[in-house]
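Take a look at the structure below.
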Amino acid sequence: MGAMDGMQLLRPQPVAEAPLTLVTSPDPVVGPGEVRITVQACAVCRTDLQIAEGDLAAQRLPVIPGHQVVGRISELGPGVDGSRLGVTVGVGWLASTCGTCDMCRRGLENLCRKATFTGWHRDGGYASSMVARDDFCFPISAELDPVDAAPLLCGGIIGYRAFKLTGLGRGGRLGLYGFGASALLVAQVARHLGCEVYVVTRGEEARARARDLGATWVGGLGEPPPVSLHAAITFAPVGSVVVDALRHLDRAGVCVVNAIHLDGVPQFPYQDLYWERRLISVANFTREDSRELLQLAREIPIRTLHDTFRLGDANIALQRLKHEQVRGAAVLLP
């Protein structure tokens, strides 16, 4: 049996205190229906930060975080088709579902109550190798560099699902509140599908990126867009931003909250929700979302921005992410 390196979370604590420890351990056994993946790149997500600091309660400890993983299948478990050996795949947040509950049967496997999640319930990609269920691994086109593809596997896919929930088509006016790694990818999909994109974000660098990607209008926090919006997606885990987005919606508009953790929604006048405006959350993603987004990534093609870090510098990557010192997405390289 071989060995693997991984950045392990022993107990949640502030990232300033470096909660992840580099460990070397025997390779885990590959079970039925599973594959071992030699990791080529793993993007760092704000959810990893929330797990490391305890904002999301630990589901197991110790655990290796990381759920935006690109790598090559290097070992097959019993029952896996032999043609999968050597294939480059991506692994995202959704690690497994039961496949039999009402939600799964309705095509809403992202809401399965028995779902497990990569880097939370089972070890993830902050490592030189990892084990995943083969049916939750997505083929990555040879046209996509692993470092470019990794940020698509959470912020990209869940951002794409949030966009789908808006129901917008060509000519729709979409507001993006915040312009980090996920919004940057959503903007490209929305523009490709014929939407006008209005970006509200702090920081001139983020606003410049939005303009470069063809946003119709870009403004700072608190600035109202010049037109009413058909839909908005909020990315910051801040409830006041959600209220701000609601106020800028046209009648029948929808606001999608793209956050797994929110600090609470402050009280707001009912008039801001009236006229059949809708406020909904997005939770996880389905495998169909993944396939659709990865196909779009090839067609557009989607551009990603990233800063790369060595695996052993995962604590530094999390610290920089927390303080918004990352250009686009942080990506770990084993």
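Brief remarks on what is shown
- Using a Förster distance of 35 Å, the FRET efficiency for Lys164-His121 (Cβ separation, nearest 0.05): 0.85
- Chain lengthening between Arg310 and Arg211 when straightened (0.36 nm per residue, less Cα-Cα): 32.5 nm
- For the range 283-297 and the range 156-196, distance of Cα centres in Å: 13
- Kyte-Doolittle at least -1.0, axis length at least 27 Å by Cα - qualifying DSSP helices, the chain: none
- Order of Cys101, Cys255, Cys137 - criterion: other Cβ atoms within 10 Å of each residue's Cβ, fewest first: Cys101, Cys137, Cys255
- Per DSSP, loop trypsin sites (Lys or Arg not before Pro) in the range 1-86 with at most 13 further Cβ within 10 Å: Arg60
- In this structure, Val29 and Thr100 have a Cβ-Cβ separation that, at R0 = 25 Å, corresponds to a calculated FRET efficiency of about 0.45.
- Simple rule: put +1 on each Lys or Arg Cβ and -1 on each Asp or Glu Cβ in the chain, find the dipole, and look at Leu321, Gly71, Thr47; the Cα lying farthest toward the positive end is Thr47.
- Taking chymotrypsin sites (Phe, Trp or Tyr not before Pro) in DSSP loop states with no more than 13 other Cβ atoms inside 10 Å as exposed sites, the chain has its longest site-free stretch at 1-273.
- Charge dipole (debye, nearest 20) of the chain; +1 at Cβ of Lys and Arg, -1 at Cβ of Asp and Glu: 560
- Note: relative contact order over the chain, using C-alpha pairs below 8 Å and six or more positions apart, is 19 percent.
- The calculated FRET efficiency for the pair Ala18 and Ala283, based on their C-beta separation and a Förster distance of 41 Å, comes to about 0.85.
- Treating each Cα of the range 156-281 as one equal point scatterer and applying the Debye formula with no solvent, the log10 of I(q)/I(0) at q = 0.21 Å⁻¹ comes out as -1.22.
Read the figures in this text as sums done on the coordinates, not as results from a lab. Values in this document were obtained by computation on a predicted structure and should not be read as measured data. For neighbour counting, all protein chains shown are included, and Cβ atoms are generated from backbone atoms with ideal geometry for every residue, glycine included.
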